[in-house]
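**Q** Sharing a structure here in structure tokens format.
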Amino acid sequence: PVFRSFLLEHNCGCVTPGVFSTVKCERKLWQLLNFADRTGTDGAWAINKRLQEQLGPMRIVVGLDIKGNFVCLEREHKRQKIVVWSHLSGEFEESILDIPAFLRVIG
């Protein structure tokens, strides 16, 4: 019964590319940011500079989900994890996946 309810909560065990779970809900990655363009206004460098105060020194935006929330890489005491920052509530949600698993899901 426990495994059955787990499968039902997680798309019946079918993996959908780009879909990952946070501690609150499933999220769909919309895009990764462009780190190659250091001068544009839409790339990773510009977005991270604009949001530096809200994100703090330990987070960097790496992408967006389909609802416009920011997918961030967070460093915490030598541990790295993926978090989603809600642009509406200002809250952070931790991904339940470690970084290698997150990369496999979005890849």
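**Q** Would you pick out the residues in segment 21-80 that are crowded, with 16+ Cβ neighbours inside 10 Å, touching a residue at least 40 places away in the same chain (Cβ under 8 Å) and in a loop (DSSP other than H, G, I, E, B)?
**A** ASN69
**Q** Suppose the filter is at pLDDT below 90, of a type in the set (Val, Ile, Thr) and loosely packed, with under 13 Cβ neighbours inside 10 Å; does VAL15 pass it?
**A** On the way: at pLDDT below 90: yes; of a type in the set (Val, Ile, Thr): yes; loosely packed, with under 13 Cβ neighbours inside 10 Å: yes.
It is true that VAL15 is at pLDDT below 90, of a type in the set (Val, Ile, Thr) and loosely packed, with under 13 Cβ neighbours inside 10 Å.
The values are calculated or read from the model by the stated rules, or taken from the named source; none is laboratory data. What you are looking at is a predicted structure, and each value in this text was computed from that prediction instead of being measured. Every residue, glycine as well, gets a Cβ built from its backbone with ideal geometry; the counts of neighbours run over all protein chains shown.
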